[in-house]
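Notes to accompany the following structure.
The values are calculated or read from the model by the stated rules, or taken from the named source; none is laboratory data. Since the structure is predicted, the reported quantities are computational estimates derived from the model, not experimental observations. Cβ placement follows ideal geometry from the backbone for every residue including glycine, while neighbour counts extend to all protein chains displayed.
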Amino acid sequence: MILKKHKKSILILSFLAISFTQVFSNESKITKTSSIESTSKVNWISRDFSSDLKLDVQKLKIQLPSGKKIASNHLKSKMPQLIQQPLLSLFYDSNYSLSDQVIQNKITLNDIFTFITNGYKTPDSFSHDLKSLNSTNTTNINNLGKLLIKHEYAYKPEQPIDVVSTRAFSGIIIDARGNLPVRGEYIKDDTYPCFFPQIWDEEMNIIFEKNSVTPDFVKNNGLVKYHYSNNLSDYEDRVGLDPLYIKAVEVYGRNRTDPIISREDALKILAEQKNIELLTQGKVVILLDKENLIYDVSIPEKDENYYVHYEEVKNYFYENKVPDVIVSDTINGILFSVNLNFIPDSPELLPSEAPRIKAIAENLKNILLDNGYTILVEGHTADVGKPVGQLNLSIERTRTVMNALIDYGIDESLFTYKGYGGTMPIATNETEEGRAQNRRVDITARPRATYIQRDWN
């Protein structure tokens, strides 16, 4: 049985997916031409989100120069729907994107619309050949982050009992550049920016998070300052001239946004009251690779075939009454959320699960005929107070499901897998029913990404 709350989330997700389909260019009704294109870029250092828009006046059959006002008004009216989707793909934190905040009613699509329309728009200009009208819209994402700050006071972590040699510093620098081991997986990966990163120690104690910082400071300056430079002068306004430099040892989270530091380095912060105050004041810089801080924003390309696949898959599981498999259209692709039964405290599936695995595999193979998808498998356990064991078990169970799908004929090279232990519950862990629902596997067929958003009207 799926928890009612989870069902509600899926319904909201489905509704939002429909809204996205309607708002974002009617992508399910593909035509051969588009009148407007937009390419978006984010700069996490300056915290600017900019979109270059191009309107093809010839395709709209607008006569120039008399039709300039008509063209400008058309571009202005279409701008929000073109910018909205790539903006919503930005990471909120280690697990979620901005689109998830809409789904969870933390912000609304109207908030996003207002944020976009309040940005700075350059004067419209025609190309030299008068075939297109061009403009750029730029917004500062701190203004969007303000809507997501709900706490009133900064939470201060307690000083630890452990003693370590330390002193007071002027700020904290976390260097998370380069490939780092991913906590919970057997791979290395880059660290990526988000609105609200967390900093953990090796024992998975949270050292720093959104509620650690004075709310007014976060609203105006962002939770952390991101940069890629070794030059202290580029961010001394944030961390001062005598910062504590820490090298991250791992990265954590679905979105790879959270640096993990050694316990010793964590104690260098927590064992000194003035350093704890640095956290409260937001005097934290995270260093990432430049290409992960300034980049064109890509989103899954959902064309007509994608929506055909989605409807086919959804109808299959409904008509064949496959139990406890929810199929939904998410911002990242077609999601199969399934509560699988494993042998207790074991990664081995019960034999009775074979029919459901086979049904998912056969549907995935149909989707993959278009040769434009990859598959993400994510494993979750109930939280029973054993984080390390839970994490390892979720990884092994995810590998079990992935290998089962491979055995049914799906190409191994298409898979990515992640385990989260009990860190992402969808139900309470206080009841056996809730714990059963938290022992789940999510399988997502992810379409290829595109940097260009098109209006097909």
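Matching residues to (1) modelled with pLDDT under 95; (2) under 30 Å from E202 (Cα atoms):
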| position | (1), (2) |
| --- | --- |
| A271 | yes, yes |
| K290 | no, yes |
| L293 | no, yes |
| E311 | yes, no |
| Y318 | yes, no |
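Of all residues in region 123-154, how many are out of contact with any Asp or Glu (no Cβ under 6 Å at 6 or more places or on another chain) and farther than 20 Å from Y92 by Cα?
12
Could you check, for region 332-353, whether at least one of its residues is of a type in the set (A, V, I, L, M), within 26 Å of P86 (Cα to Cα) and under 23 Å from the mean Cα position of the chain (by Cα)?
Yes, because at least one residue in region 332-353 is of a type in the set (A, V, I, L, M), within 26 Å of P86 (Cα to Cα) and under 23 Å from the mean Cα position of the chain (by Cα).
Filter region 423-457 for residues that are more than 23 Å from S89 (Cα to Cα) and either free of Cβ contacts under 8 Å to residues at least 12 places away in the same chain or of a type in the set (D, E) (or both); which is surrounded by the most Cβ atoms within 10 Å (Cβ to Cβ)?
Taking the candidates together, the pick is T428.
Does region 107-122 contain any residue that is assigned to a loop (DSSP other than H, G, I, E, B) and at pLDDT below 90?
no
Looking at (1) at pLDDT 95 or above; (2) surrounded by 16 or more Cβ atoms within 10 Å (Cβ to Cβ), which is the only condition R183 fails?
Every condition holds for R183 apart from (1).
Give the residue, chosen from K274, K302, that is surrounded by fewer than 21 Cβ atoms within 10 Å (Cβ to Cβ) and either basic (K, R) or in contact with a Leu (Cβ under 7 Å, 6 or more places away or on another chain) (or both).
Going through K274, K302 in turn, the sole match is K274.
Take region 128-174 and flag every residue that is under 18 Å from T257 (Cβ atoms) and either out of contact with any Lys or Arg (no Cβ under 6 Å at 6 or more places or on another chain) or free of Cβ contacts under 8 Å to residues at least 40 places away in the same chain (or both).
Hits for region 128-174 are L144, G145, L148, I172, I173, I174.
Name every residue in region 87-140 that is closer than 30 Å to V251 by Cα and of a type in the set (A, V, I, L, M, F, W, C), in order of residue number.
L87, L88, L90, F91, L98, V102, I103, I107, I112
When region 415-448 is examined, which residues are found to be farther than 20 Å from E348 by Cα, out of contact with any Phe, Trp or Tyr (no Cβ under 7 Å at 6 or more places or on another chain) and of a type in the set (A, V, I, L, M)?
M424, I426, A427
Check E430 against each of (1) over 18 Å from I187 (Cβ atoms); (2) assigned to a helix (DSSP H, G or I) and name the one condition it does not meet.
It fails just one condition, (2).
Is it the case that D383 is under 30 Å from L55 (Cα atoms) and at pLDDT below 80?
Against the criterion (under 30 Å from L55 (Cα atoms) and at pLDDT below 80), D383 does not qualify.
For every residue, the table says whether it meets (1) among the hydrophobic types (A, V, I, L, M, F, W, C); (2) within 20 Å of the chain's Cα centre (by Cα).
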position	(1), (2)
I62	yes, no
M79	yes, no
Y96	no, yes
S99	no, yes
S132	no, no
Y153	no, no
P160	no, no
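Tally time: how many residues in region 396-422 are in contact (Cβ under 8 Å) with a residue 60 or more places away in the chain and either outside any loop (DSSP other than H, G, I, E, B) or surrounded by fewer than 21 Cβ atoms within 10 Å (Cβ to Cβ) (or both)?
4
Determine, yes or no, whether V163 is crowded, with 16+ Cβ neighbours inside 10 Å, more than 20 Å from D93 (Cβ to Cβ) and among the β-branched types (V, I, T).
no
May I ask you to list pairs of residues, at least six apart or on different chains, whose Cβ atoms are under 8 Å apart, with the first in region 175-198 being without any contact (Cβ under 8 Å) to a residue 12 or more places away in the chain and the second being of a type in the set (S, T, N, Q)?
Going by the 8 Å Cβ cut-off, the qualifying pairs are K188/N179.
Looking only at strands (runs of 3 or more DSSP E) that lie completely in region 154-268, which have at least 1 residues being farther than 28 Å from N392 by Cβ?
Of the strands (runs of 3 or more DSSP E) lying wholly inside region 154-268, those with at least 1 residues that are farther than 28 Å from N392 by Cβ span 172-175, 225-227, 244-247.
Every residue, every condition in (1) under 20 Å from A445 (Cα atoms); (2) crowded, with 17+ Cβ neighbours inside 10 Å, yes or no:
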residue: K314; (1), (2): yes, yes
residue: F317; (1), (2): yes, yes
residue: V325; (1), (2): yes, yes
residue: F336; (1), (2): yes, yes
residue: L340; (1), (2): yes, yes
residue: P347; (1), (2): no, yes
residue: P355; (1), (2): yes, no
residue: L368; (1), (2): yes, yes
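Conditions tested, residue by residue: (1) of a type in the set (S, T, N, Q); (2) free of Cβ contacts under 8 Å to residues at least 12 places away in the same chain; (3) in contact with a helix residue (DSSP H, G or I) (Cβ under 8 Å, 6 or more places away or on another chain).
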residue	(1), (2), (3)
V313	no, no, yes
E319	no, yes, no
D329	no, no, yes
S337	yes, no, yes
I343	no, yes, no
S352	yes, yes, no
A361	no, no, yes
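With the requirement that a residue be at pLDDT 90 or above, over 22 Å from P300 (Cβ atoms) and within 27 Å of the chain's Cα centre (by Cα), what does region 358-380 give you?
none
Inside region 64-106, can you point out the residues that are out of contact with any strand residue (DSSP E or B) (no Cβ under 9 Å at 6 or more places or on another chain) and either surrounded by fewer than 16 Cβ atoms within 10 Å (Cβ to Cβ) or assigned to a loop (DSSP other than H, G, I, E, B) (or both)?
Scanning region 64-106 gives S66, G67, K69, I70, N73, S77, Y92, N95, Y96, Q104, N105, K106.
Can you tell me which of (1) assigned by TED's automatic domain parsing to the domain that holds I360; (2) touching a strand residue (DSSP E or B) at 6+ places or on another chain (Cβ under 8 Å); (3) polar (S, T, N, Q) is the one N315 doesn't meet?
It is condition (2) that N315 fails.
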